[in-house]
Amino acid sequence: MTLSPSRLDSKLLPMHRRLRSQPLLYRFTLGTRILLAAGFIPTGIVKLIGWRFTRMSPEFPIGAFFETLYLSGLYWRFLGLGQVIAGLCVLVPATATLGALLFLPIMLNVFVITLSYDFKFTPVITGLMLLANVYLLTWDYDRLRGIFGLTTQIDPLPQHRLGRFERWVYATGTTAGMGFFAGTRSLVPAGWSYWYLGIGLASVLAALWLGVQRQISAKLMKGRGQIAGV
């Protein structure tokens, strides 16, 4: 027996609500958005300003592939523009869903390219990034239901708020991530990358610690509410 879209939706919505109610997953979502943006905005800028993405020799298939894209000129810059726009959109809460949608063809394309050529371990990394993109789309399922003709009203989803210190941590982590990947693309002095990496890792640990604390607090409050209702 097959489920109609509306019946499937009625089963997915409770699962989605439980997903969205978890403070730690909310912060994981923010981190995923930052990681995708930090990885692709500097890379997109390199293409947008007309620089080569890699120094691989055109004598090898991978190098020849990237050299052909680079020599296309306009198409090379178009690829860069798409990556920059997707990265900026995914960082802004109001356009994060659009950013995740824009990233889907980009990530799928990158994943298939790494499968098509001898990129060794790279398909594992790009596959994980593709899964991260799918996760972001899953997180925004409530906004995407209309694509499938599911327009029935749903109750407002749980809202999460970051404290002032948390916002500072995420802003610092975003800046450090951008700086690190910019260093790998020669947009900033390469020696700075180590500092950016250290600051970024410290931000990740701080964000993780704060997220766990918020998750524990949420469970304690829920437990107290259940006891009070008995």
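When the chain is modelled as a GNM with alpha-carbon springs shorter than 10 Å, which of Pro23, Pro105, Pro156 fluctuates the most?
Pro156
In the neighborhood of Leu137, defined by Cβ-to-Cβ distances under 14 Å, what is the net charge if each Lys or Arg adds +1 and each Asp or Glu adds -1?
Details: positive: Arg20, Arg33, Arg143, Arg145; negative: Asp140, Asp142.
Value of the local net charge: +2.
Mind running the shape call on segment 116-214? Use the C-alpha gyration tensor, a ≥ b ≥ c as the square roots of the eigenvalues: rounded below 1.5 for a/c, prolate if a/b tops b/c, oblate otherwise.
Details: a/c = 2.68, a/b = 1.33, b/c = 2.01.
Oblate is the answer for segment 116-214, as a/c is 1.5 or above yet b/c matches or exceeds a/b.
Quick check: residue separation of Arg161 and Phe65 times 0.36 nm, minus the Cα distance between them. What number comes out in nm?
Numbers: separation 96, 0.36 × 96 = 34.56 nm, distance 4.49 nm.
Gain on extension, Arg161 to Phe65, equals 30.1 nm.
Using the reciprocal of the averaged 1/r over all distinct C-alpha pairs, how large is the Kirkwood radius of segment 1-152 in Å? Before the final figure, lay out the partial values.
Numbers: mean 1/r = 0.0582 Å⁻¹.
About 17.2 Å for segment 1-152.
Under a crude label model (7 Å from the Cα following the beta-carbon direction), how far is Thr184 from Thr172 in nanometres?
The modelled label-to-label distance comes out at 2.3 nm.
Rounded, prolate or oblate: which fits segment 70-184, taking a ≥ b ≥ c as square roots of the Cα gyration tensor eigenvalues, rounded meaning a/c under 1.5, else prolate when a/b beats b/c?
Values: a/c = 1.91, a/b = 1.32, b/c = 1.45.
The shape class here is oblate.
Relative to the first principal axis of the alpha-carbon coordinates of the chain, what is the inclination of helix 96-116, with its axis defined by its Cα atoms, in degrees from 0 to 90 and to the nearest 10?
Once rounded, one gets 50 degrees.
Tell me the angle of helix 61-71 to the major Cα principal axis of the chain, expressed in degrees between 0 and 90 and rounded to the nearest ten.
Orientation of helix 61-71: about 90 degrees from the principal axis.
Output the 0 to 90 degree angle, nearest 10, between the alpha-carbon long axis of helix 164-184 and the longest principal axis computed from the alpha carbons of the chain.
20
Counting Lys and Arg as +1 and Asp and Glu as -1, what is the net charge of the other residues whose Cβ lies under 13 Å from the Cβ of Gly44? Provide the component values of the computation, followed by the final result.
Numbers: positive: Lys47, Arg77, Arg185; negative: none.
So the surrounding residues net to +3.
By per-residue mean of other Cβ atoms within 10 Å, what is the highest-first order of 27-39, 128-140, 81-93? If you can, show how the numbers build up before the last one.
On the way: 27-39: 21.8, 128-140: 17.8, 81-93: 19.3.
Descending mean neighbour count gives 27-39, 81-93, 128-140.
Every number here is computed from the coordinates shown, using simple stated rules; none is lab data. Because the structure is predicted, anything quoted here is derived from the model rather than measured. Positions of Cβ are backbone-derived with ideal geometry, glycine not excepted, and every protein chain shown enters the neighbour counts.
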